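Chemist: Can you read through this structure? Questions will come right after.
The values are calculated or read from the model by the stated rules, or taken from the named source; none is laboratory data. From a predicted model like this one, the values you see are computed outputs, not experimental measurements. Cβ sites come from the backbone with ideal geometry, for glycine too, and all protein chains shown count toward neighbours. Accessible surface is based on the protein model in full, side chains and every heavy atom, while ligands, DNA and RNA are left aside. Shrake-Rupley method; radii C 1.70, N 1.55, O 1.52, S 1.80 Å.
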Amino acid sequence: MAQFSVNGLDDVMNLFDSLADMPNEVIEEMLLAEGNIIAKEQRRAAEEMLRGKYYKGGVANSVTVGKPMITYDGGEIEVAFKGTQHGNRLAEIAFVNQYGARGNPGRPFIDVANARGEDAAAEAAADIHEKWLDSHE
């Protein structure tokens, strides 16, 4: 997770001023970097954990990263499962695999992937943020 270090109230105020001045393009770049890392980990976890008689690789291949959206409290990006297979939406297939169904235990590949990619995603966003800060000093 990104960490900020300041000494005194003036440094805190300067940090918040610099964050408020950050252009939307930088926030979008940070979100996209995070989303790409999480999507890569979700693909990898799906390939590793969803093996079986009926699995055709559709869930891993369907992971997509949406467009970054700026919100009131920062921003968000969607990492989702797009498409259909076996007559069902791949998002539904991913959900059943994640949480299980009657008689079938869950295989929490999304949780595993998100945990694996969390630090790398935060670090990638922090690197982009630091580059932007350095360019404004």
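Chemist: What do you get for the angle between helix 90-99 and the principal long axis of the chain? Use alpha-carbon atoms, 0 to 90 degrees, nearest ten.
Modeler: Orientation of helix 90-99: about 90 degrees from the principal axis.
Chemist: State the answer as a single residue: which of SER62, ALA101, TYR72 lies farthest towards the positive end of the charge dipole of the chain, with beta carbon charges of +1 for Lys and Arg and -1 for Asp and Glu, about the Cα centre.
Modeler: So the residue furthest toward the plus end is ALA101.
Chemist: Something else now. Using amide H atoms built 1.01 Å from N in the peptide plane, name the residues 5+ places from THR84, or on other chains, whose amide H lies under 5 Å from its own.
Modeler: LEU90
Chemist: Averaged per residue, what accessible area in Å² does the chain show with a 1.4 Å probe, protein chains only?
Modeler: Each residue of the chain exposes 68 Å² on average to a 1.4 Å probe.
Chemist: So how tilted is helix 109-135 from the main axis of the chain? Cα-based, degrees 0 to 90, rounded to 10.
Modeler: The angle comes out near 20 degrees.
Chemist: What does the highest-first list of 85-96, 35-46, 55-66 look like by mean Cβ count within 10 Å?
Modeler: 35-46, 55-66, 85-96
Chemist: Net charge near ALA60: determine it from the other residues with C-beta under 13 Å of the C-beta of ALA60, scoring Lys and Arg +1 and Asp and Glu -1.
Modeler: +4
Chemist: Any chance you could get the radius of gyration and Dmax over the Cα atoms of region 23-70, in Å?
Modeler: Cα-based Rg and Dmax for region 23-70 come out at 13.9, 49 Å.
Chemist: Then there is this: Against the longest principal axis of the chain, how steep is helix 8-20, in degrees 0 to 90 to the nearest 10, with axes from Cα atoms?
Modeler: The answer is roughly 60 degrees.
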